[in-house]
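Q: Below is one structure. I have some questions about it.
The values are calculated or read from the model by the stated rules, or taken from the named source; none is laboratory data. The shown structure was predicted, so the numbers you read here are calculated from the model rather than taken from an experiment. All Cβ positions, even for glycine, are placed from backbone atoms using ideal geometry, and neighbour counts span all protein chains on display. Calculation scope for accessible area: heavy atoms of the full protein, side chains included, ligands and nucleic acids excluded. Shrake-Rupley method; radii C 1.70, N 1.55, O 1.52, S 1.80 Å.
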Amino acid sequence: MDQRFNQFWRLMGALLNDDLHVQPYPARLDKLQHHGIGLWDVIAEAERQGSLDGAIRREVGNDLTRLICTLPALQAVAFNGKTAARMGRRQLLALGSRVALLDLPSSSPAYTLDAGLKQAAWASLLPYIRSAQTG
């Protein structure tokens, strides 16, 4: 796995057994949706110089609680990295154990955890992913 680029699409593609990273963006989103996976940013807006999460300032969170309340079949929320987990968990305290909260290692190339270890951690999503056969 090439560590110079954000690995999100490669990590998700490995879980779905599909080369998502080479597909057009709309096709990637369709594949995720087909498997019961949605994407939502924890942060709605912020100021940031560069691309590192540590540079995020004046962030305004998306209303994750309201979103989750509109999704009765939702089983889990996974956070891509420590910043997303910290901010997202803070918002979702009121939900208690309604959904599983999974903290994943960041897909960012700035987080230099070995690719195999990242992939193993992201495999914790597998029980929540709808297979293509049942979709």
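Q: Among the residues of the stretch 81-127, write down those that are outside any helix (DSSP H, G or I), without any contact (Cβ under 8 Å) to a residue 40 or more places away in the chain and not hydroxyl-bearing (Ser, Thr, Tyr).
A: From the stretch 81-127, those outside any helix (DSSP H, G or I) are 81, 96-114; that's our starting set.
In the following step, the residues that additionally are without any contact (Cβ under 8 Å) to a residue 40 or more places away in the chain were identified as 81, 96-105, 111, 113-114.
The answer is 81, 96, 98, 99, 100, 101, 102, 103, 104, 105, 113, 114.
Q: Next question. Restricting attention to the stretch 86-134, which residues are farther than 16 Å from residue 10 by Cβ, of a type outside the set (Val, Ile, Thr), open to solvent by 60 Å² or more (accessible area, probe 1.4 Å) and out of contact with any Leu (no Cβ under 9 Å at 6 or more places or on another chain)?
A: Answer for the stretch 86-134, where residues must be farther than 16 Å from residue 10 by Cβ, of a type outside the set (Val, Ile, Thr), open to solvent by 60 Å² or more (accessible area, probe 1.4 Å) and out of contact with any Leu (no Cβ under 9 Å at 6 or more places or on another chain): 86, 90, 93, 94, 97, 103, 127, 130, 133.
Q: Among the listed residues 95, 64, identify the single one that is touching a Ser or Thr at 6+ places or on another chain (Cβ under 7 Å), of a type in the set (A, V, I, L, M) and farther than 20 Å from residue 5 by Cβ.
A: 95
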